[in-house]
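J.: Can you read through this structure? Questions will come right after.
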Amino acid sequence: MGRTRTKRWIVFLGTLSLSLFLAAVSPGSLPAEKAMDLVERVMAVPEWPSRMVRDLVVKAVDLVAGERSLRERIDRLEQENLALRGLLQTTVNYGLGTGAGEGHVTLRPPTSWWSEIRIDKGSREGIRPGMAVVQDGALVGKISRVESNFSWAELVTSSSLYIPVVVDETRDLGVLNGDGNGLVLLLYIPVEKDLKPGMSVSTALVSELLPPGIPIGRIAGAGEEIGGYRLYRITLKADLSRLYKVKVMTGGRS
Amino acid sequence: MGILWISLLARDLLQVAFSGTALVPDLTLFSLIWLSVVRCEEPEPLFLHAFGAGLLWDLRWTGVPGMTSASYALTVAVTAWVWSSLPPGRRANPVLFFFWSSAAHVLTSVFPAIFTSKGLGLSSSLATQQGMAIACLLGLTALYIRHCRSHHE
């Protein structure tokens, strides 16, 4: 009886301490990320029927509600709009490309909540690093890593992502950067430029994969002044607290 | 022990189907509580399975390996201890089973939100999940009553 109880305690404390050790050490580590990617890959096989059922239900609901054609039209118009905005800003021809692929967010690690998400679309669907990720037409981030059937996107709130942007009303150029805790700042705007709250900010020319003119958000207010430049706080147009589905803009030129 | 892994797979498949819509009740936790109650005198093998199931869930969904496995190990330990402490005649108590399972589900669902301090914005999803969990638990309690009666006979 005593030996059984001792064994029970050893097994319990062993599993509990190993769990707590893993929870303390593994988040954000490379082996943990590799393990998560491996599990995603393995589980993709048994999860396939569920995914199919979900997509079928969504399509059926769309059809019943008569939204399908409207959505396609909106997508087409968004693409046209982006291409036209691109032509206004640069001579690079982005074209209409293959359109925007919709993906579900399959993982958002709490330890890097404001930095990255994983979506269930990968290189098989034409996703490439650097492509824009949008929610309801507003930029939420950029594809950072791509595997065959999933990819990781870095969010605009990430402290390591810098995105050249333009203030739509004044055409002033700046750089957008997150603080890793949900705040987004507009950098490198000279102090003499008097930007007002409410002015909209969209992407400027970055690369051939991230087209200019994607709406990002609005100026919320002025921040501190550093070396002749003023920081501005940005309110994002996308709702990062409700990030379930995103679109990847696959229309760029490689 | 197969019931535990089947429930884990069922929860995973349901979570994929409902992703972006709702949080699925923790069916794995219900299986663990069931197994801990039924095997309250010798729960040792359960710890390892609870650890494995929790770790797999964390790697697939939460992104914090060890978080769910810790809560599962704790649930198994406390449930087995409580049931083994009860006199054999009082173990077949469906009310206790229902409230115990409900409390365990609430605590283990809220635990990740507290642990990461990032999930508090999901309060409405959490409330929906608890509502669905109560419906599942009513069914499980009915099964428990049946199980106790068949073993009593």
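Read the figures in this text as sums done on the coordinates, not as results from a lab. It should be emphasised that the depicted structure is a prediction, and the values quoted were computed from it without experimental measurement. Note that we place each Cβ from the backbone using ideal geometry, even for glycine, and neighbour counts take in every protein chain shown.
J.: Can you give the FRET efficiency for residue A:65 and residue B:22, using 1/(1 + (r/R0)^6), R0 = 22 Å, r = Cβ-Cβ distance, to the nearest 0.05?
T.: Efficiency at R0 = 22 Å is approximately 0.70.
J.: What is the mean number of Cβ atoms from other protein chains located within 10 Å of the Cβ atom of each residue in peptide B:67-77, rounded to a whole number?
T.: If you average over the peptide's residues, the count of other-chain Cβ atoms is 5.
J.: Which whole number gives the average count of other chain Cβ atoms within 10 Å of the Cβ atoms across peptide B:8-18?
T.: Mean shielding by partner chains, rounded to a whole number: 4.
J.: Still on this structure, please answer the following. Given points 7 Å out from each Cα along the Cα-Cβ axis, report the residue B:93 to residue A:51 separation in nanometres with one decimal.
T.: 4.7
J.: Two-decimal Rg/Rh of segment B:5-106 from alpha-carbon positions, Kirkwood Rh?
T.: 1.00
J.: For peptide B:46-52, what's the mean number of Cβ atoms from other chains within 10 Å of each residue's Cβ?
T.: Partner Cβ neighbours, averaged per residue: 4.
J.: To continue, here is another question. Contact order normalised by length for chain A, with contacts defined as Cα pairs under 8 Å and 6 or more residues apart; what percent is it?
T.: 18
J.: Highest GNM mean-square fluctuation, chain A, Cα pairs closer than 10 Å: which of A:217, A:66, A:122?
T.: For chain A, modelled as a Gaussian network with Cα springs under 10 Å, the answer is A:66.
J.: Also: Where in segment B:40-58 does the label zone of residue A:3 land, with the point 7 angstrom along Cα→C-beta and an amide N cut-off under 20 Å?
T.: B:41-46
J.: State the volume of the convex hull built on the alpha-carbon positions of chain A, expressed per residue in Å³ and rounded to an integer.
T.: Residue-normalised Cα hull volume stands at 177 Å³.
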